[in-house]
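The values are calculated or read from the model by the stated rules, or taken from the named source; none is laboratory data. This structure is a prediction, so every number in the text was calculated from the model and none was measured. Cβ: placed from backbone, ideal geometry, glycine included. Neighbour counts: every protein chain shown.
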Ligand code: NDP
């Protein structure tokens, strides 16, 4: 059976950044990229908020660059999915499609997926008027007519991001009250640029090259509205099924790390605090030697740059932990 010091599962910005750091620390990591390398950025067009690219870069190009950078320093990349893990034994065991591998440490950078509405036009126009990230894309909608679907905090945040640029922002929500926190609701409802369509469902997104209109239904009545941008903000699902039986997840399915100690009320495991009283390995999960980074731990920011930063932290933690085991 093949053995690696460090296995990294996932090939978004968190996974590749962890690989760059771990490879440069001479850990010769193995990265399982899955069958579709690159994560969610493979579905985006322009990325203008990743520092270092003043003219922007496409999501796929950014991910190809990250992969090359990880490979340059000796990361072994396998375009395979990990289908099973056993964290109850040391070294840890990973099963992939047609192989098994053991690893002294593991970094989980499994990502998250935005939940889709499942209406006609949604998939077709992604990147051409349909977006799942207003923080990333709001600036492209200067002076445009935009819609945000959802009633939670994500929808409120997207609305607030868009109102700075768009001519109008209409929130479409299926019920007659928001689920979002009061403070976020108030910020949205007090803004003159924002309209809310309550008890309304979006039925279809239409256009040609780009989005042109949406079909909505309120109290059984259908209506067509002209539209430039539709922001789907009905929640995210962390990709954590692989480890659901092996490590602690929070109530939404996000992986709990020692950094999330206060938020999730998970008592610092014995040895979690260093002499200085700091959490010794903040990115470590409930299993010693297993670390996590990126959208699978991050309910809040979910940006390429925050995921990359967390990937770096996880690699540094893993490196220090492996040293402590020698
Ligand atoms: P939520 O699950 O909280 O909200 C999803 C919203 O989308 C709900 O209003 C829901 O409607 C609606 N919805 C769900 N499915 C559909 C559907 N098929 N069609 C139409 N509408 C639908 O997800 P969020 O991403 O907003 O938030 C997730 C978590 O992250 C929360 O705990 C939130 O507080 C947190 N968060 C915190 C932020 C912050 O603190 N700044 C920012 C963003 C998120 P209904 O109300 O009827 O259920």
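Worth a mention:
- Selection of the range 127-136 for residues being over 25 Å from residue 293 (Cβ atoms) and either buried (at least 18 other Cβ atoms within 10 Å of the Cβ) or near the ligand (Cβ under 10 Å from one of its atoms) (or both) yields 129, 130.
- Count of residues meeting criterion [buried (at least 20 other Cβ atoms within 10 Å of the Cβ) and away from the ligand (no atom under 14 Å from the Cβ)] in the range 137-162: 5
- Apart from one condition, residue 258 fits all of (1) surrounded by 14 or more Cβ atoms within 10 Å (Cβ to Cβ); (2) over 27 Å from residue 163 (Cβ atoms); (3) modelled with pLDDT of 95 or more; the exception is (3).
Residue by residue, here is whether (1) within 12 Å of the ligand (Cβ to nearest atom); (2) touching a helix residue (DSSP H, G or I) at 6+ places or on another chain (Cβ under 7 Å); (3) closer than 23 Å to residue 137 by Cβ holds:
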{"site": "169", "(1), (2), (3)": "no, yes, yes"}
{"site": "172", "(1), (2), (3)": "yes, no, yes"}
{"site": "177", "(1), (2), (3)": "yes, no, no"}
{"site": "193", "(1), (2), (3)": "no, yes, yes"}
{"site": "220", "(1), (2), (3)": "no, no, no"}
{"site": "223", "(1), (2), (3)": "no, no, no"}
{"site": "229", "(1), (2), (3)": "no, yes, yes"}
{"site": "236", "(1), (2), (3)": "yes, no, yes"}
{"site": "240", "(1), (2), (3)": "no, yes, no"}
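- Of the residues examined, residue 181 is one that is surrounded by fewer than 22 Cβ atoms within 10 Å (Cβ to Cβ), in contact (Cβ under 8 Å) with a residue 12 or more places away in the chain and within 14 Å of the ligand (Cβ to nearest atom).
- Residue check, residue 207 more than 10 Å from the ligand (Cβ to nearest atom) and either crowded, with 23+ Cβ neighbours inside 10 Å or over 19 Å from the mean Cα position of the chain (by Cα) (or both): yes
- Verdict on residue 118 being within 11 Å of the ligand (Cβ to nearest atom), within 20 Å of the chain's Cα centre (by Cα) and assigned by TED's automatic domain parsing to the domain that holds residue 226: no
- Taking the range 169-239 and the strands (runs of 3 or more DSSP E) fully enclosed by it, no element has 2 or more residues that are out of contact with any strand residue (DSSP E or B) (no Cβ under 9 Å at 6 or more places or on another chain) and over 18 Å from residue 127 (Cα atoms).
- Which numbered condition residue 314 misses (of (1) at pLDDT 90 or above; (2) in a loop (DSSP other than H, G, I, E, B)): (2)
- Residues of the range 1-26 that are crowded, with 24+ Cβ neighbours inside 10 Å and in a loop (DSSP other than H, G, I, E, B): 10, 11, 12.
- Summed over the range 163-173, the residues that are farther than 15 Å from residue 225 by Cβ and surrounded by fewer than 16 Cβ atoms within 10 Å (Cβ to Cβ) give a count of 1.
- Considering the range 90-115, the residues that are over 21 Å from residue 325 (Cβ atoms) and not in a strand (DSSP E or B) include one that is farthest from the ligand (Cβ to nearest atom), namely 98.
- You will find that of 78, 62, the residue that is touching a strand residue (DSSP E or B) at 6+ places or on another chain (Cβ under 6 Å), surrounded by 14 or more Cβ atoms within 10 Å (Cβ to Cβ), within 19 Å of residue 309 (Cβ to Cβ) and touching a residue at least 12 places away in the same chain (Cβ under 8 Å) is 62 and no other.
- Failed condition for residue 31, given (1) touching a strand residue (DSSP E or B) at 6+ places or on another chain (Cβ under 7 Å); (2) in contact (Cβ under 8 Å) with a residue 60 or more places away in the chain; (3) not in a loop (DSSP other than H, G, I, E, B): (2)
For (1) in a loop (DSSP other than H, G, I, E, B); (2) modelled with pLDDT under 95, each residue gets a yes or a no:
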position	(1), (2)
242	no, no
247	yes, no
252	yes, yes
262	no, yes
269	yes, yes
276	yes, yes
291	no, no
295	no, no
301	yes, yes
